[in-house]
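Data block below; observations after.
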Amino acid sequence: MIVSSSTGFVTDIAAVGSDDLASAGGKGANLGALVRAGFAVPEGVIVTTAAYTAAVEAGGLAATIAEELAAGADGAAVRAAFKRVEIPAEVRAQVATAYDEFGEGPVAVRSSATAEDLPGAAFAGQQDTFLNVVGEDAVLDAVRRCWASLWTERAIAYRRPQGVDPTAVRMAVVVQRMVDAEFAGVLFTANPVSGERAELVVDANPGLGEAVVSGLVTPDHYVLDEQGAVRERVPGRREVVVRPVAGGGIAHDSRAAADEAQLPDAVLAELATIGRSVAARFGHPQDIEWAYANGRIWLVQARPMTGLPPPPLHLSRLQRAFTVQLMDYLTVRPRPIDVSAWIRPGIARMVSRMLGENLGVRVEIADMLAERDGVVERFVPRLPRPTRRTLTAPVRIVRSARRSDPARWADDPGFARFRSQVRELTETDLRTLGWRDLLLVPGRATAAMDLMVDLRVEHLPSVALALLRLRLTLKALGLVELFPLLITGGHTRTDDTNSALEALAALVRDDEGLREAFARLDPSTLLARIETEERFSGFATALRGFLAEYGHRETVSPLLVSEPTWAEAPATVLGLVRVLAEQPCAPGPDRGAQALDRLLAHRVVARTRSGPAVRRIVEAARAGIVLREDTHFYATAVLPVIRRAVLECGRRLADAHVLRGATEVVHLRMEELEEIDDPAALPPGGAERLRAVVTRRAARRAELAGVPMVSPADLVPPDADDPDVLVSGIGASGGRATGPVRVISGPEQFASLRAGEILVCPYTNPAWTPLCHRAAATVVDSGGLGSHAAIIAREYGIPAVMATVRGTETLTDGQRVTVDGDTGRVTAAQT
């Protein structure tokens with residue numbers, strides 16, 4: 001046991017624990033907690049953050065650090081200063097004494113920052129570790145280099161989105177006796193891919209674990225159950241074995257895999273037992289680095305697993321189908337302000353009213369967004385629950401349908417009142433409102449939205465019956481395949497939007513200067529030129545007119561007020577115009593009209609002279625689709641109203657130094673804003689609490705950045721994978737097309753699509769419509785036959801495959817594929 005120093009520059013690992021983050025850093029505090037809990041940890045000491053602070057003060061580095069932070073630099077000057085700094089004599093003496101007490105043998109010197117190995121911020125590999133260090137001078141130099149690694153470019157960049165205050169971070173250093181490992185690697189106490197908590201995953205390799213954690217080797221891979229039994233065993237390639245060499249340092253030896261022994265099952269079972277115990281000790285699934293030597297397992301690091309998916313769901317076929325239909329809206333994780341200011345009082349209320357008042361079923365969309373501390377972690381689908389009113393739903397639906405005429409929905413006085421209220425809110429200068437009145441604006445907007453919900457509730461039964469009549473008619477005639485084509489053809493506000501975009505594209509095609517600018521400049525640079533250069537003034541005027549009429553459209557999802565609309569992100573519109581300007585939009589065949597002609601020419605329809613009645617059935621179904629599209633178009637007019645109000649709240653909180661910037665307000669709930677009487681009069685404790693909430697939620701959201709709200713593994717049953725295809729889904733628009741893949745993840749990439757490419761995307765909304773004019777086919781992760789992408793693909797006559805779930809993960813830019821919209825299959829193109 002190494003004796004702790006009274007001055008606090010060096011202390012034994014066993015002397016610290018989870019509460020000593022400020023002095024021991026994340027790695028050191030976690031190791032100390034493991035020692036105290038009785039786990040086998042190589043003996044060692046911690047060079048505390050006090051030693052780091054002493055070195056900074058002695059070397060006058062505080063000013064250099066402050067200058068680098070102020071300039072937003074990459075830390076090179078700080079790192080150079082640390083290389084020159086003289087370690088204070090007392091720190092040197094205590095480190096030397098501790099090293100002498102190790103006796104002979106090499107040590108590992110590991111960085112342990114105060115913002116490291118925390119839930120949501122692993123800092124894995126961001127700061128430096130030095131293995132097989134031998135000699136007092138070498139140890140002191142390694143300590144100095146660990147301090148400097150706090151300011152590597154990668155560590156600075158990692159801290160920024162995590163919300164870590166760079167002025168408060170400090171570095172401790174762990175110095176431990178090296179374990180001459182026979183095997184070493186990583187143990188995850190939950191499956192990091194599937195999120196399954198009942199599985200443990202082990203990656204192992206002969207020699208030091210550095211080969212595994214640094215990615216130098218393809219390790220042996222094991223998936224274990226909770227008792228340590230092996231469920232899956234994949235031998236590694238063992239490209240190298242990392243081993244210590246005499247005199248210090250490590251070597252990477254090439255090694256063939258075939259003649260190497262694997263980790264015994266008994267050791268794997270022991271690892272599972274240790275892993276479960278460590279996870280229980282910390283209360284969170286753990287990422288553990290371990291080494292096996294002389295029949296014993298040593299733990300050299302433990303930290304919370306980050307980016308861990310939620311536990312897998314076990315969904316029924318109906319739940320999977322329901323979720324796939326909703327995935328168009330779930331591609332971006334809602335923020336706390338989205339849920340509290342819009343989803344719960346707006347979208348979720350609309351769905352609940354439509355289903356509850358017409359069908360008598362209960363459904364709470366907002367409750368399906370599973371949150372932790374305000375951060376949506378996953379979407380948990382729940383099917384609507386019937387009530388007593390469900391039994392009488394058929395009677396209500398028929399009565400309501402008799403009163404309703406969806407083709408005349410816009411004549412309803414409620415629609416006029418909605419537009420009047422939204423116009424009033426849009427024209428209100430929010431800067432002139434008092435704080436309490438400002439907080440009322442989102443509620444006023446959702447109250448206006450209720451008028452649109454009234455219209456949907458009133459006309460939904462008639463729409464449903466019209467669609468049902470058409471499907472039954474087609475089924476009786478043996479023409480069900482015409483249904484998707486027949487429901488297209490009604491004129492919608494989306495059609496108006498596309499026509500207006502085409503008019504902008506025509507201006508570009510007719511002006512040589514515009515053509516050259518659109519072809520050469522990225523959308524953001526192009527926007528700046530259009531807004532400032534006189535030669536583009538005509539187009540700028542047309543663009544402003546377009547945004548005045550259509551700028552309320554969502555760029556990402558109608559569930560989000562935290563994302564900008566077209567008016568706030570006109571570069572998105574320019575990306576669409578660029579796509580359309582490459583060539584005139586030549587109208588294709590009217591497939592809806594062709595389908596109607598085929599239906600009317602059916603021998604039964606002709607023989608019974610029922611053509612006029614059949615035409616009315618088709619027109620009623622089309623009117624229902626128009627109702628859906630156009631009410632969506634107008635209802636989203638409340639999105640910019642709520643967003644402007646929320647951002648004005650954020651601006652005032654930032655002006656009062658409660659938040660660091662106006663956009664941080666999206667991490668707060670509406671009710672948390674309503675608890676504030678006056679931002680300028682908020683006491684320091686209240687301001688600090690809100691800042692801490694924002695920082696914590698932003699960090700958690702960043703941790704979940706790579707975790708989908710719905711796991712593809714939950715949506716694709718085990719027998720759904722077809723080895724003959726790259727991806728498969730729902731055939732939503734017939735035909736076959738071959739071309740190179742272009743993956744478009746969001747509106748900011750619209751301009752990259754070229755004619756003849758296969759558009760592969762995670763979701764669509766009406767903003768994506770013009771892309772279908774250029775694409776040879778569409779492949780979408782989400783959606784179904786009634787989604788926007790499917791309808792537009794049928795109108796444009798291009799193949800479409802929806803609900804592929806993994807299309808954007810599996811297919812890559814430039815890959816040549818064939819899309820079969822009849823079978824829902826995407827295969828590699830035949831060369």
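From the largest down, the chain spans 102, 66, 64 angstrom on the principal axes of its Cα atoms.
Would you mind telling me the share, in percent, of accessible area of segment 729-828 contributed by carbon and sulfur at probe 1.4 angstrom? Whole-percent figure for carbon plus sulfur exposure: 48.
Per the Debye calculation on segment 583-666 with a single equal scatterer at every Cα and no solvent contribution, log₁₀ I(q)/I(0) for q = 0.25 Å⁻¹ amounts to -1.09.
Inter-label distance, E549 to A261: 7.9 nm, where each label sits 7 Å from its Cα along the C-beta direction. Amide H contacts under 5 Å for E43: R177, restricted to partners 5 or more places along the chain or on a different chain, H placed in the peptide plane at 1.01 Å from N. A 1.4 Å probe over all protein chains sorts Y222, Y99 by accessible area into Y99, Y222, starting with the largest. Close amide-amide hydrogen proximity is noted between G374 and no other residue 5 or more places distant or on a separate chain, at a cut-off under 5 Å (H modeled in the peptide plane; Pro and chain starts excluded). Remark on segment 524-597: ratio of C-alpha radius of gyration to 2.2 N^0.38 Å is 1.43.
Per residue, the convex hull around the alpha carbon atoms of segment 411-471 comes to 90 Å³. Rounded to the nearest 10 degrees, the inclination of helix 684-703 to the longest alpha-carbon principal axis of the chain is 80 degrees. With θ taken as phi - 60° and the Karplus curve 6.51 cos²θ - 1.76 cosθ + 1.60 applied, the whole-hertz 3J(HN,Hα) list for segment 565-581 is 8, 4, 5, 7, 10, x, 4, 4, 5, 5, x, 5, 4, 4, 4, 6, 6 Hz, x standing for glycine and proline.
Here the accessible area is traced with a 1.4 Å probe on the protein chains. For segment 386-508, carbon and sulfur cover 57 percent of it. Residues S610, S420, sorted by accessible area with the largest first, give S420, S610 [1.4 Å probe; ligands and nucleic acids excluded]. The amide H of V741, built 1.01 Å from its N in the peptide plane, has I758, G814, Q815, R816, V817 as neighbours under 5 Å, considering only residues 5 or more places off or on other chains. Peptide packing for 339-350, 380-391 was compared via the average number of neighbouring C-beta atoms within 10 Å per residue; ordered from the highest value, the list is 339-350, 380-391. So for segment 278-328, Kirkwood radius off the Cα pairs, Stokes-Einstein at 37 °C and 0.692 mPa s: how many µm² s⁻¹? So the translational diffusion coefficient is about 227 µm²/s. With R₀ set to 30 Å, the beta-carbon distance separating H314 from T823 gives a calculated FRET efficiency near 0.60. With the whole protein complex present, I676 retains an accessible surface near 10 Å², based on a 1.4 Å probe. What is the helix-to-structure angle for 265-282, meaning the angle in degrees between its Cα long axis and the longest Cα principal axis of the chain, kept from 0 to 90 and rounded to the nearest 10? That works out to roughly 80 degrees. Charge tally around H491: other residues with Cβ under 14 Å, Lys/Arg +1 each, Asp/Glu -1 each, net -4. Near M670: Cβ cut-off under 11 Å, other residues only, Lys/Arg at +1 and Asp/Glu at -1. The net charge is -3. For the chain, adding -39500 (n - 2.57) for each run of n ≥ 4 DSSP H residues and dividing by the number of residues yields -14000 deg cm²/dmol at 222 nm. Per-residue 3J(HN,Hα) values for segment 639-644, derived from phi via the Karplus relation 6.51 cos²θ - 1.76 cosθ + 1.60 with θ = phi - 60°, read 4, x, 5, 5, 4, 4 Hz in sequence order (x marks Gly and Pro).
Averaging the Cα positions of each part gives two centres, and for segment 268-299 and segment 341-381 these lie 41 Å apart.
Each of M368, A50, P219 was scored by the projection of its Cα onto the charge dipole of the chain, and the greatest displacement toward the positive side belongs to M368; charges sit on the C-beta of Lys, Arg, Asp and Glu. Dipole check for the chain: with +1 at the C-beta of Lys and Arg, -1 at the C-beta of Asp and Glu, and the Cα centre as origin, the magnitude is about 3800 Debye.
Rounded to the nearest percent, how much of the accessible area of segment 662-709 (1.4 Å probe, protein heavy atoms only) is carbon and sulfur?
Details: 1210 of 2210 Å².
About 55 percent, which is the carbon plus sulfur part of the accessible surface.
Rolling a 1.4 Å probe over the heavy atoms of the protein chains gives the chain an accessible area of 42 Å² per residue. By the gyration tensor of its Cα atoms, with a ≥ b ≥ c the square roots of the eigenvalues, what is the shape of segment 724-831: rounded for a/c under 1.5, prolate for a/b over b/c, or oblate? Note, shape of segment 724-831 comes out rounded.
Please work out the Cα center distance from segment 392-424 to segment 177-192, rounded to the nearest Å. If we compute the Cα centre of each part, the gap is 64 Å. Considering only the Cα atoms of segment 312-420, their convex hull presents on average a projected area of 9.4 nm².
The values are calculated or read from the model by the stated rules, or taken from the named source; none is laboratory data. This is a predicted model, so every value here is computed, not measured. All Cβ positions, glycine included, derive from the backbone under ideal geometry; neighbour counts span all protein chains shown. Only protein heavy atoms, including side chains, enter the accessible area calculation; ligands, DNA and RNA are left aside. Shrake-Rupley method; radii C 1.70, N 1.55, O 1.52, S 1.80 Å.
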